[in-house]
Structures are given as structure tokens and as C-alpha cells.
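To start, the structure itself, in C-alpha cells.
Nothing in this text is a laboratory measurement; each read-out follows from the coordinates by a stated rule. In this text the structure is predicted, and so the values were computed from the model without any measurement. In this analysis, Cβ positions are derived from the backbone assuming ideal geometry, glycine residues included, and neighbour counts consider all displayed protein chains.
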Amino acid sequence: MSTGTRCRMRPLKGQGFCWNHSPSVAAKRARARKAGGRNSRTRVPPVLVTTIRDLQDVIGSELAAVSKLAGTNRRANAVARLVTVAVRLIECGAHEERMEAIEERLKGMEARR
């Protein structure tokens with residue numbers, strides 16, 4: 001994006017332009033940009049989610065990753081959504097634990113009969 005201010009990068013040797021603006025290196029610059037884009041893609045293995053605890057771990061990891069990003073509106077929205085999901089998962093986890101405890105008590109009561 002042009003702001004109308006002069007570029008502050010040092011010009012290439014024997015030229016009046018820097019690496020970013022020199023027409024003589026446009027093709028090389030394009031190749032470098034494409035190579036950088038290809039090499040910067042991280043392959044993330046799929047995560048097997050079978051329990052609420054698994055979901056909590058995934059949300060916690062994503063929240064940690066998003067928290068490291070620069071402070072933008074998109075980051076703030078992502079953090080807010082992840083925190084909302086995390087709170088719901090904590091509530092679900094608590095309900096699940098209570099249900100398991102109730103089921104164990106019922107099994108114990110049935111065994112005594």
C-alpha cells in the first residue's frame with residue numbers, strides 16, 4: 001500500500017531502487033515470494049478428538065497460538081470466541097464428571113440389592 005512517502009530501504013548497488021521496487025529484479029522477487037509462501041505453510045496433523053478433555057486441549061492450544069499474534073481486531077475476536085468455547089467445555093466437563101459420579105453411585109446401589 002502506497003502512503004506517498006519515500007521508501008527507506010537502501011538502493012541496490014548501481015541502481016536508484018531498492019530490492020522491493022527495482023524492475024530489474026522483479027522476476028527474482030516474484031520467485032522468492034512464491035517460494036516463501038510455499039515454504040511457510042505448516043502441515044498440521046489432524047487431531048483425534050473423542051472426549052471433552054481432548055476438545056479442551058485443542059482449544060487451549062489454539063488459544064495459546066492466537067494469543068501470540070499481533071494485537072488486532074481479528075485476534076481479539078478469535079480470543080473471545082475461543083474463551084467462550086473453553087468456558088462451555090469446562091461446564092460440559094463438569095456436567096460429565098457429575099453424571100459419571102451419579103452413575104457409579106447407582107451401580108453401587110444396584111449391587112447392594
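Within a straight-line Cα-Cα reach of under 28 Å, Lys68 can be paired with the following lysines, leaving aside sequence neighbours fewer than 8 residues apart in one chain: Lys34.
Structure remark: mean-square fluctuation, Gaussian network model of the chain, C-alpha springs under 10 Å; the largest value among Arg29, Arg88, Arg98 belongs to Arg29.
Highest mobility in the GNM of the chain, judged by mean-square fluctuation with C-alpha springs under 10 Å and restricted to Val83, Val66, Val25, is found for Val25. For Lys13, give me every one of the lysines with a C-alpha distance below 22 angstrom, ignoring sequence neighbours fewer than eight places off in its own chain. Leaving aside lysines fewer than 8 places away in the same chain, those within reach of Lys13 are Lys28.
With point charges of +1 on the Cβ of Lys and Arg and -1 on the Cβ of Asp and Glu, referenced to the Cα centre of the chain, which listed residue (Leu82, Leu55, Ile102) lies farthest in the positive direction of the dipole? Farthest towards the positive pole: Leu82. Note on the chain: Cα Rg divided by 2.2 N^0.38 Å, N the number of residues, gives 2.02.
Our coupling estimate for the stretch 49-55, obtained by passing each phi through the Karplus curve with A = 6.51, B = -1.76, C = 1.60 and θ = phi - 60°, is 10, 10, 9, 4, 4, 4, 5 Hz, Gly and Pro reported as x. Please find the FRET efficiency linking Glu97 to Ala64, where r is the Cβ-Cβ separation and R0 is fixed at 25 Å, and quote it to the nearest 0.05. Between Glu97 and Ala64 the formula returns 0.55. Using only the alpha-carbon atoms, how far is helix 26-40 inclined from the longest principal axis of the chain? Give it as 0 to 90 degrees, nearest 10. That helix lies at roughly 10 degrees to the long axis.
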